[in-house]
Amino acid sequence: MPIRIAARAVLIHKARLLLVNAYPGGVSDLWCAPGGGAEMHASLPQNLAREVYEETGLGVEVGAPCLVNEFHCEARGFHQIEIFFRCHLVSGQLRDDWPDPEGIVTQRRWFAQAELAGIRLKPGSLPDIAFSGGIGYDALEQIIG
């Protein structure tokens, strides 16, 4: 199986970071940035804008990359590289009833920086990168659920 490439949004609005839970039916309490796998023949920013809209109903302008994260599960033959981009909100509002067409994202929420210490979140460096304006790389780690 080839390495999967994904794009994720670092979207801060009114001093809050947008995160999603991509585990249907409350299977996991793990939160992550919105985004997903890249489709061929579209740029990473194009893929990301599409994914953010599908998962959240929000329109975004995709900016510069700020974080690269890698995770894998050798037993399942899975390896993913995620490129995180700083994004700006251009349209929409979060709604609890927004239907993710793939049925994966069931929760979406804005988090203040202080709230992030109280949730399970991957990658662990995301809060620092999101609120500092810096850039980073998270080395390869085992996938968790």
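Key figures for this structure:
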read-out: Other-chain or far-sequence residues with amide H under 5 Å of G36's (modelled H); value: A7
read-out: In nm, spacing of pseudo-spin labels at E39 and I119 (7 Å Cα→C-beta vector); value: 2.7 nm
read-out: Under-5 Å amide H pairs with T106, H placed in peptide plane, nonlocal only; value: N21, Y23
read-out: Average accessible area per residue (Å²) across the chain - probe 1.4 Å, nucleic acids and ligands excluded; value: 53 Å²
read-out: Within segment 74-135: Cβ-based charge dipole about Cα centre, in debye rounded to nearest 20 (Lys, Arg +1; Asp, Glu -1); value: 100 debye
read-out: Cβ-placed point charges (K, R +1; D, E -1), dipole of segment 1-122 about Cα centre in debye, nearest 20; value: 300 debye
read-out: Environment charge at E102 (Cβ cut-off 13 Å; Lys +1, Arg +1, Asp -1, Glu -1); value: -4
read-out: Point-to-point label distance, I3-S132, nm (Cα→Cβ direction, 7 Å offset); value: 2.4 nm
read-out: Sequence of S28, S91 from largest to smallest accessible area, 1.4 Å probe; value: S91, S28
read-out: Share of Cα-Cα pairs in the chain lying beyond 28 Å, as whole percent; value: 10 percent
read-out: Residue list for segment 111-145, given a label point 7 angstrom along the Cα-to-Cβ vector of A64 and an amide N cut-off under 13 Å; value: 133-136
read-out: Stretch gain in nm, segment A15-H88, where the contour uses 0.36 nm per residue and the Cα spacing is subtracted; value: 25.1 nm
read-out: Karplus-derived HN-Hα couplings along segment 115-122 (A = 6.51, B = -1.76, C = 1.60, θ = phi - 60°), whole Hz, x at Gly and Pro; value: 6, 5, 5, x, 10, 7, 9, 10
read-out: In segment 15-119, GluC sites (Glu not before Pro) in a DSSP loop with at most 11 other beta-carbon atoms within 10 Å; value: E39
read-out: Considering only the chain, percent of DSSP beta bridges that pair antiparallel, nearest 5; value: 60 percent
read-out: Separation in nanometres of the label points that stand 7 Å from Cα toward Cβ, at I81 and R95; value: 3.8 nm
read-out: Distant-in-sequence amide H partners of G136 (H built 1.01 Å from N, under 5 Å); value: L67, V68
read-out: Förster-model FRET efficiency, 22 Å R0, Q46 and I104, C-beta, rounded to 0.05; value: 0.65
read-out: Convex hull (Cα only) mean projected area of segment 1-69, reported in nm² to one decimal; value: 6.0 nm²
read-out: Accessible surface of the chain, 1.4 Å probe, proportion on carbon and sulfur as whole %; value: 56 percent
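The values are calculated or read from the model by the stated rules, or taken from the named source; none is laboratory data. Keep in mind that what you see is a predicted model, and the values were worked out from it rather than measured. Virtual Cβ from ideal backbone geometry, glycine too; neighbours counted across all protein chains shown. When the accessible area is computed, the model is the full protein with side chains, heavy atoms only, and any ligands, DNA or RNA have been set aside. Shrake-Rupley method; radii C 1.70, N 1.55, O 1.52, S 1.80 Å.
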